[in-house]
Amino acid sequence: ATPDTRTPTGAPASEDPRSAGQQGRWLTTSTGTRLRDTDHSLKAGERGPTLLQDHHLREKVTHFDHERIPERVVHARGAGAHGYFEGYGTAASVTVAGLFAAGKRTPVFVRFSTVLGSRGSADTVRDTRGFATKFYTDEGVWDLVGNNMPVFFIQDGIKFPDIIHAGKPHPDREIPQAQSAHDTFWDFVSLHTEAQHHALWNMSDRGIPRSYRMMEGFGVHTFRMINAAGETSLVKFHWKPRLGIHSLTWEEAQLIGGLDPDFHRRDLADAIETGAHPEWELGIQVFEDTDDQLFEGIDLLDPTKLVPEEFAPVQPIGRMVLDRNPTNFFAETEQVAFHVGHLVPGIDVTDDPLVQARLFSYVDTQLTRLGGPNFNQIPVNRTHAPVNDMLRDGFHQHAVHSGVAPYRPNSLDGGCPFTAGGDLSDDQTRAFVDAAHNVAGPKVRTRPATFDDHFTQPRLFWQSMSPVEQEHIIRAYSFELGKCFERAVKERQLQALANIDPRLCAEVATALGLPAPKPTGELAVVTPSPALSQLSGGPWPG
Ligand code: HEM
């Protein structure tokens, strides 16, 4: 038996009549009793004390007292929108996922965000931007939880609490890094040279996007796709904005941050409301699923590395249009729960140690943030596919399950909890299959040697920048490191810059009034092509 409150109606979750916040013509209590007065508490005499028996007063105030939920531990500040994804039919050779079929439209909800600021922080700060997409496919929910930069600070998720602790506001005064000392962030980044690549993207104009509508998105990790023949490929996801990639200058970002801290949020909502619907094309870079999972010497399991598009072109597989604003910020944008483990048949994760930790972290944090284990029943999180799971009870259970106890095999309930016969899926080809990928080795807490090179790709990025972009990067490092109090931190970061590019280091060192160190070791020879479209921002193809 299918739980009756989760049968899909086909309507978008926010328009599902069962989710309507206001029904009927009268003001009522939460249990539907009509009210005659909500403006005066019940008192013993006109000027007397309020009575404990005033249930309506208590309900109204008690509910208000509990209106706030914890903000996200990261990516607290965000803006969301509804839309659709349309497949091109070009991905069939690599994946069985139905959403990529030609002309197939799948509803989506997207949430853009900054990473470090609190819920009420300004939009235009220098930061990475989150770009998370929930696809309500016929085969279940698929979440592509990405960022606007193709690489990440760390190579192993066990370091995530460390980097976030280093970057969040100072524990004593709760003043954000952006406005006071920057020592902890740059201490972390200079001590973990793997973070230099992402930090350089942050110091570039990509760190201050002009609009959410003008950002690229990246899945960052390498994922594994499975086709109808059961063959696997490794892929990287890319969103390319129809409007091209545009940034603010630092001065614009500072001014706008003061004048309109909601700049990006307002821009997204206004554009959608006026019919200028933002659009992205989704593309994949496809790599052979070899035993070593390397491509041109790049370890595909290392999330601090990208694969230049010259080596592996981004192949378009669909497009996304955002055409509807949320009806209620809290219900949708705040309560949406993304998770890298929300996968559909044909798309699987890899052994990238960063994604492996993320697989644990998202559900874990949402258990607290959204008050218990049933947050996938919240309208914005509800799948559009039929649900027939073995999960029961828990806080905020909205489904009314039938049948006897959910265990399998079950001789009393037709196989349980499924319909007579108890098949797991009547069409095995549409069921999720974990890619059968060989793993072997001793249990160790080390990282592979293929994760060791931390400077070649930052250098490639630096060299692909135009003179104006390089100037912006020099000014960004000079400004940000200029906020550090600790000389040793600045010197260590200058050393990292020397290893990326001696001129970058020299210019920043001059601005800081410090000597420029020499590179340690040989600088690898890099020959960037002038057409590094991914690195410098190319036009929307087609
Ligand atoms: C939230 C992206 C790494 C833990 C988010 C969000 C995005 C994102 C876009 C916001 C989702 C939303 O709008 O609701 C990424 C990317 C990563 C990464 C692209 C690396 C490639 C990690 C790692 C961890 C982590 C390594 C932990 C080990 C979290 C948590 C949240 C979050 C706890 C809050 C989720 C919530 O409260 O619903 N991340 N993240 N992330 N991320 Fe990550």
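Only the coordinates and a few stated rules stand behind these numbers; no lab work does. A quick note: this is a predicted structure, and the numbers were derived from the prediction, not measured. With ideal geometry, Cβ positions are generated from the backbone for all residues, glycine too; neighbour counts draw on all protein chains shown.
Remind me, what semi-axes does the chain give for its equivalent ellipsoid, largest first in whole Å, using sqrt of 5 times each Cα gyration tensor eigenvalue? Before the final figure, lay out each step's value.
Details: eigenvalues 357, 209, 95 Å².
Result for the chain: semi-axes of 42, 32, 22 Å.
Summing charges over neighbours of L343, with a neighbour being any other residue whose Cβ is under 11 Å away from its Cβ, gives -3 when K and R count +1 and D and E count -1.
When you filter the chymotrypsin sites (Phe, Trp or Tyr not before Pro) in the range 349-402 for DSSP loop state and at most 11 other Cβ atoms inside 10 Å of their Cβ, you are left with F395.
Spatially, the range 381-413 and the range 80-147 are offset by 28 Å when compared through their Cα centroids. Across all directions, the average projected area of the convex hull around the alpha carbons of the range 370-508 is 17.3 nm². In whole angstrom, the range 157-277 maps to an equivalent ellipsoid with semi-axes of 30, 26, 13, each derived as √(5λ) from the alpha carbon gyration tensor and ordered largest first. Where does the longest stretch of the chain lie that holds no trypsin sites (Lys or Arg not before Pro) found in a DSSP loop with 10 or fewer other Cβ atoms within 10 Å? Value returned for the longest uninterrupted segment is 174-442.
Think of the chain as a dipole: +1 on every Lys or Arg Cβ, -1 on every Asp or Glu Cβ, centred on the Cα centre; then among G346, H238, I158, I158 lies furthest on the positive end.
Counting neighbouring Cβ atoms within 10 Å and putting the fewest first, the residues L391, L412 line up as L412, L391.
The ranking of I154, I284 by Cβ neighbour count inside 10 Å, starting from the fewest, reads I154, I284.
For the range 310-400, the normalised intensity computed at q = 0.15, 0.16, 0.21, 0.22 Å⁻¹ comes to -0.82, -0.91, -1.28, -1.33 (log10 of I(q)/I(0), Debye sum over alpha carbons, equal scatterers, no solvent). Only helices enter the 222 nm calculation for the chain: every DSSP H run of n ≥ 4 contributes -39,500 (n - 2.57), and dividing by all residues gives -7000 deg cm²/dmol, rounded to 500. Could you compute the FRET efficiency for E71 and S411, with r as their C-beta to C-beta distance and R0 at 56 Å, rounded to 0.05? E(calc), rounded to 0.05, equals 0.70.
Between Q285, V307, L259, the Cα set farthest toward the positive side of the dipole of the range 252-315 (charges on each charged residue's Cβ, about the Cα centre) is that of L259.
Each label was represented as a point 7 Å from its Cα along the Cα-to-Cβ direction; for S30 and T520 these points are 5.8 nm apart. When the C-alpha to C-alpha distance is required to be over 20 Å, the pairs from K236/K305; K159/K305; K134/K305 that qualify are K134/K305. Calculated from the alpha-carbon coordinates, the range 374-413 shows an Rg and a Dmax of 11.8, 36 Å respectively.
The GluC sites (Glu not before Pro) of the range 258-296 that DSSP puts in a loop, and whose beta carbon has at most 13 other beta carbons within 10 Å, are E296.
The range 262-324 has equivalent-ellipsoid semi-axes of 36, 14, 9 Å, by the square roots of 5 times the alpha carbon gyration tensor eigenvalues, sorted largest first. The calculated FRET efficiency for R173 paired with F311, based on their beta-carbon distance and R0 = 45 Å, is about 0.45. Measuring r between the beta carbons of V433 and D389 and using R0 = 22 Å, the FRET efficiency lands at 0.75. Summing Lys and Arg as +1 and Asp and Glu as -1 over all other residues whose Cβ lies under 13 Å from the Cβ of S233 gives a net charge of -2. Exposure proxy ranking for D323, D267, based on other Cβ atoms within 10 angstrom of each Cβ and starting from the fewest, stands as D323, D267. Note on K43: lysines with a C-alpha under 26 Å away, same-chain residues under 8 apart excluded, are K60.
Taking the inverse of the mean reciprocal distance over all distinct Cα pairs, the Kirkwood hydrodynamic radius of the range 88-127 comes to 13.5 Å.
Let me check I've understood the local charge: for L42, count other residues with C-beta under 14 angstrom from its C-beta, Lys and Arg +1, Asp and Glu -1. What total comes out? Please report the intermediate quantities before stating the final value.
Values: positive: R36, K43, R47, R58, K60; negative: D37, D39, E46, D54, E59.
Taking every other residue near L42 into account, the sum is 0.
Qualifying GluC sites (Glu not before Pro) in the range 460-507, where qualification requires a DSSP coil assignment and no more than 15 other C-beta atoms within 10 Å, comprise E486. Ignoring lysines fewer than eight residues from K518 along the same chain, the ones with Cα atoms less than 16 angstrom from its Cα are K490. Based on every Cα atom in the range 441-496, Rg and the maximum pairwise Cα distance Dmax equal 16.2, 49 Å.
Considering only A449, V336, V108, the residue lying farthest towards the positive end of the dipole of the chain is V336, judged by Cα position with unit charges set on Cβ.
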